[in-house]
Amino acid sequence: MHPKTEKADIQYGTAGFRTKANKLGYVMYRMGLLAVLRARYKNATIGVMITASHNPEADNGVKLVDPHGEMLEQSWEAWATKFANVGDDQLESIIAEIIKEYNIPMTERVHICIGKDTRPSSPSLSKSVMDGVLALAGKPIDFGIVSTPQLHYFVACKNTKHAYGIPTEEGYYHKLVGAFLKLNADQRLNSSAGNSNYRNRLLYDGANGVGAKKIKQFQERLGETLKIELYNDEGIGTGKLNYLCGADFVKSNQKFPNGVPLQHNVRCCSVDGDADRIVYYFIDEDDKFHLLDGDRIATLIAAYLKELLEETGIDLNLGLIQTAYANGASTEYITQKLKVPVACVSTGVKHLHHKALEYEIGVYFEANGHGTVVFQKTAKDKLKRATGDSSLTDAQRNAAERLLNLIDVINETVGDAISDMLLVETILRAKGWDVQDWEAAYTDLPNRLMKVTIANRNVITTTNAETICVTPPGLQDEINALISKFKKGRSFVRPSGTEDIVRVYAEAATREEADTLAVEVSRKVY
Ligand code: NG1
Ligand code: ZN
């Protein structure tokens, strides 16, 4: 039913499989098969999400979701790649091979949660996944059009016997909105109180994708607490998905998206095509564009969590995880000013998530706006105990209660644009800040990200969270020599995991210096 149509191999990368939608039918079928095998091996529900995130509308992709709602374990990424690339006649033998390798019991009846974004190609690709699931006698559960983080949430709920929440869309809205309204019910914190710069009005760019569809559920439920004005909600199949709008467009071009009205000093946000990323921004009275990206969101959250923790008097170890693309000024602010330890890991959300789990409270964000907060069970237990501890003051107990409510607003499984938005709005309101106050915390170092195309990007290999080049020999010395000429200079190069290019990042004290450093380092790569 789903013959292999492509000769060229494809690879399960940081974003799963992603390519032109018309090349993916058989890959989807095979991922349906693999999902059932993974579910039987783990004796748990597994998820399959059909999306190509911020890519153009004609693309599509697929990612598998592991039992706790996290991304597919790395060792199975290689199996996914094998499954996608073997000939039709080898499919049965590769299934036999994996069953033997992991001793997979083939009798268990397992559930596979399937979700898809709004792309016109998604329904037929979803059908192919279902055929694969059924072929190995798994039970597909079709969630229809949902955001990537919603699907991760459903999987986590199912595997915790609903301890994480109810595995339905309604359950998701109920959990997030319920916690948000509790956190923001205190009228003294409202903008109307007079001593606060916070305004409960937010312009929201839905990227003409699933984030536009789903935000409507929140608009209804949030009422006056947060007035979200939705823009970029074009119909399915109009070709407008992610086009000149959305979080990736805004972050990459450092530009206001199309479709959102230009209003000076008004807080705006953009999500991406599957609503797992968010960035904030505004235009000032001189029409200058200001971006508040993942680094800003991470620092805002970490600072607030630290403040609340101090109020509770409970000692929990809090850490922040970044990649090398995080602005140097943000790292300095977090370590020097907030005194929160920072770890730097390789690009790709799975690396950040994994590292964050080492802390009792781990905040992680990529500069592009993908991130969340994870809490260890011990942290949750300590906070729960504190709320009923009569030896603590009211203020201490209230702070613990507030932290527990914050945990419920957060989608711990993966970056979630709407959940992150509710968290940011809660913090801004509590601090009495608008976006300008938030931006004043520190000043970004000017930076430049460039793409360089070379014959084989894999000649460049790196170490130390991708900040140092190991090969080709001598390249790192040349980069070091360039960096040393610039005040506050920092630069690194690495092969992209999602495009056939090398990325060059540079930052320095001034715009001109950052640009020059990026161009000079690019010349060494080329
Ligand atoms: P690559 O192409 O490996 O740089 C890009 C983003 C990552 C991540 C992945 C997955 C940058 C510099 N890189 O990775 O942050 O989001 O795509 O989508 O933004
Ligand atoms: Zn995305």
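The values are calculated or read from the model by the stated rules, or taken from the named source; none is laboratory data. In this text the structure is predicted, and so the values were computed from the model without any measurement. FYI the Cβ positions are ideal-geometry reconstructions off the backbone, even for glycines, and counts take in every protein chain you see. Calculation scope for accessible area: heavy atoms of the full protein, side chains included, ligands and nucleic acids excluded. Shrake-Rupley method; radii C 1.70, N 1.55, O 1.52, S 1.80 Å.
Annotations
- Filter result (within 14 Å of Thr323 (Cα to Cα) and open to solvent by less than 20 Å² (accessible area, probe 1.4 Å)) within segment 456-503: Ser491, Phe492, Val493, Arg494, Ser496
- Scope segment 239-258; condition open to solvent by 50 Å² or more (accessible area, probe 1.4 Å) and more than 16 Å from the chain's Cα centre (by Cα); matching residues: Lys240, Tyr243, Leu244, Asn253, Gln254, Lys255, Asn258
- The number of residues in segment 259-299 that are surrounded by fewer than 24 Cβ atoms within 10 Å (Cβ to Cβ), of a type in the set (Val, Ile, Thr) and in contact with an Asp or Glu (Cβ under 8 Å, 6 or more places away or on another chain) comes to 1.
- First in segment 472-484 and over 15 Å from Thr462 (Cβ atoms), second anywhere and part of a helix (DSSP H, G or I), Cβ under 8 Å, 6 or more apart: Leu482/Leu517; Leu482/Glu520; Leu482/Val521; Leu482/Lys524; Ile483/Leu517
- All of Arg40, Arg30 fail the test of being out of contact with any Lys or Arg (no Cβ under 8 Å at 6 or more places or on another chain), of a type in the set (Lys, Arg) and farther than 19 Å from His2 by Cβ, apart from Arg40.
- Single condition Ala400 does not satisfy, out of (1) part of a helix (DSSP H, G or I); (2) without any contact (Cβ under 8 Å) to a residue 60 or more places away in the chain: (2)
- Of residues in segment 1-45 being β-branched (Val, Ile, Thr) and out of contact with any strand residue (DSSP E or B) (no Cβ under 7 Å at 6 or more places or on another chain), the one surrounded by the fewest Cβ atoms within 10 Å (Cβ to Cβ): Thr5
- Only listed residue being at pLDDT 95 or above and open to solvent by 40 Å² or more (accessible area, probe 1.4 Å), chosen from Thr426, Thr413, Thr393: Thr393
- Selection from segment 156-168 of residues that are more than 21 Å from His370 (Cβ to Cβ) and open to solvent by 20 Å² or more (accessible area, probe 1.4 Å): Lys158, Asn159, Thr160, Lys161, His162, Ala163, Ile166, Thr168
- Hey, Trp433 in contact with a strand residue (DSSP E or B) (Cβ under 9 Å, 6 or more places away or on another chain), aromatic (Phe, Trp, Tyr) and away from ligand 2 (no atom under 16 Å from the Cβ) or not: no
- Restricting segment 398-410 to residues that are open to solvent by 10 Å² or more (accessible area, probe 1.4 Å) and over 20 Å from Gln150 (Cα atoms) leaves a set whose member that is farthest from ligand 2 (Cβ to nearest atom) is Asn398.
- Scanning segment 343-370 for residues that are assigned to a loop (DSSP other than H, G, I, E, B), out of contact with any helix residue (DSSP H, G or I) (no Cβ under 6 Å at 6 or more places or on another chain) and not charged (D, E, K, R) gives Ser346, Thr347, Gly348, Leu357, Tyr359.
- Filtered by the rule that a residue be within 16 Å of ligand 1 (Cβ to nearest atom) and closer than 17 Å to His152 by Cα, segment 366-381 gives His370, Gly371, Thr372.
- Lys380 vs. criteria open to solvent by 10 Å² or more (accessible area, probe 1.4 Å) and under 24 Å from Val177 (Cα atoms): yes
- Evaluating Ala481 against the criteria (1) away from ligand 2 (no atom under 16 Å from the Cβ); (2) part of a loop (DSSP other than H, G, I, E, B); (3) of a type in the set (Gly, Ala, Ser) leaves one unmet condition, (2).
- Flag for Lys161 being part of a helix (DSSP H, G or I) and basic (Lys, Arg): no
- From Gln336, Gln322, residue being surrounded by fewer than 18 Cβ atoms within 10 Å (Cβ to Cβ) and either touching a Leu at 6+ places or on another chain (Cβ under 6 Å) or of a type in the set (S, T, N, Q) (or both): Gln336
- Any chance Asn411 is of a type in the set (S, T, N, Q) and part of a helix (DSSP H, G or I): no
- Matching residues, segment 504-524, being of a type in the set (Val, Ile, Thr), open to solvent by 20 Å² or more (accessible area, probe 1.4 Å) and part of a helix (DSSP H, G or I): Thr516, Val519
- Of the criteria (1) within 16 Å of ligand 2 (Cβ to nearest atom); (2) closer than 24 Å to Gln150 by Cα; (3) not in a loop (DSSP other than H, G, I, E, B), which one Ile321 fails: (1)
- Looking only at segment 254-289, and only at residues there that are of a type in the set (Lys, Arg) and away from ligand 2 (no atom under 14 Å from the Cβ), the one that is nearest to Asn200 (Cα to Cα): Arg267
- Exclusive hit being modelled with pLDDT of 95 or more, β-branched (Val, Ile, Thr), within 18 Å of Asn368 (Cα to Cα) and part of a loop (DSSP other than H, G, I, E, B), set Thr498, Thr443: Thr443
- Qualifying positions in segment 6-38 - of a type in the set (Gly, Ala, Ser), assigned to a helix (DSSP H, G or I) and under 24 Å from the mean Cα position of the chain (by Cα): Ala21, Gly32, Ala35
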